[in-house]
Amino acid sequence: MSGFPTVFIRLTGCNLRCVYCDTEYAFEEGEEMTIDQIVEKVSEYECSLVEITGGEPMMQENTTFLAEALIEQELTVMVETNGSYDISLLPESAIRIVDIKCPDSGAADSFLASNYEALTEKDEIKFVVSSADDFEWAVSQTIEHLLVYKCFLNISPVPGKVEPSECAQWILDSGLSFRLNLQLHKHLDLP
């Protein structure tokens with residue numbers, strides 16, 4: 001859902017240490033809040049799209065309840081996860097954005113295989129690629145697990161490692177239905 005105004009809820013803690021991580025502060029920093037406080041804060045933004053992210057949001061035992069509370073407010077809720085925890089625990093109407101770690105991340109063995117079966121057509125997979133080898137690995141995973149038939153597929157180039165135009169060409173050459181997914185906040189000069 002890249003490009004739409006979105007309220008982000010960043011939860012503290014992550015079980016992985018990807019080499020390209022740009023949110024290391026989320027490993028430990030944060031302010032403890034109740035679900036009601038978070039819902040109230042989100043309502044101040046008058047925005048109907050909310051993303052729960054981290055770190056790794058599924059490490060928090062109340063993430064499912066938070067997603068349910070936001071859905072009860074008639075908000076569209078996305079949960080971005082590294083896929084190392086069971087995504088089937090999330091509410092059915094939540095959009096799951098699952099970041100399958102490529103080899104260059106240093107965490108390629110972290111994905112919970114049962115999550116492939118939990119994916120629905122509204123969900124998204126994201127492969128963050130640091131190299132052509134990562135991209136080829138993402139292609140192989142996509143083919144092996146028939147991912148083009150399960151959900152949306154995103155390829156995100158690591159800034160400073162892969163140029164967006166180079167990544168776009170790989171996508172075109174692959175013939176697969178990948179979307180180029182850039183971190184827009186890094187390209188826009190917004191407060």
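For the range 38-84, how many residues are of a type in the set (S, T, Y) and under 15 Å from T6 (Cα atoms)? Steps first, answer last, please.
Initially, the range 38-84 is screened for residues of a type in the set (S, T, Y), giving 43, 45, 48, 53, 63-64, 76, 81, 84.
Remaining after also requiring under 15 Å from T6 (Cα atoms): 43, 45, 48, 53, 76.
Result for the range 38-84: 5.
Filter the range 129-168 down to the residues that are outside any helix (DSSP H, G or I), of a type outside the set (V, I, T) and out of contact with any Lys or Arg (no Cβ under 9 Å at 6 or more places or on another chain) and list them by number. Quick ask: steps written out before the conclusion?
Initial filter on the range 129-168 (outside any helix (DSSP H, G or I)): 129-131, 145-146, 150-163.
After this cut, where a residue has to be of a type outside the set (V, I, T) as well, the list is 130-131, 145-146, 150-154, 156-157, 159-161, 163.
If the condition is that a residue be outside any helix (DSSP H, G or I), of a type outside the set (V, I, T) and out of contact with any Lys or Arg (no Cβ under 9 Å at 6 or more places or on another chain), then H145, L146, K150, P157, G160, K161, E163 are the ones that fit.
Every read-out reported here was derived from the displayed coordinates using simple, explicitly stated rules and does not represent laboratory data. Everything quoted here is computed from the prediction, not taken from an experiment. Heads up, the Cβs are rebuilt from the backbone with ideal geometry, glycines too, and the neighbour counts pull from every protein chain shown.
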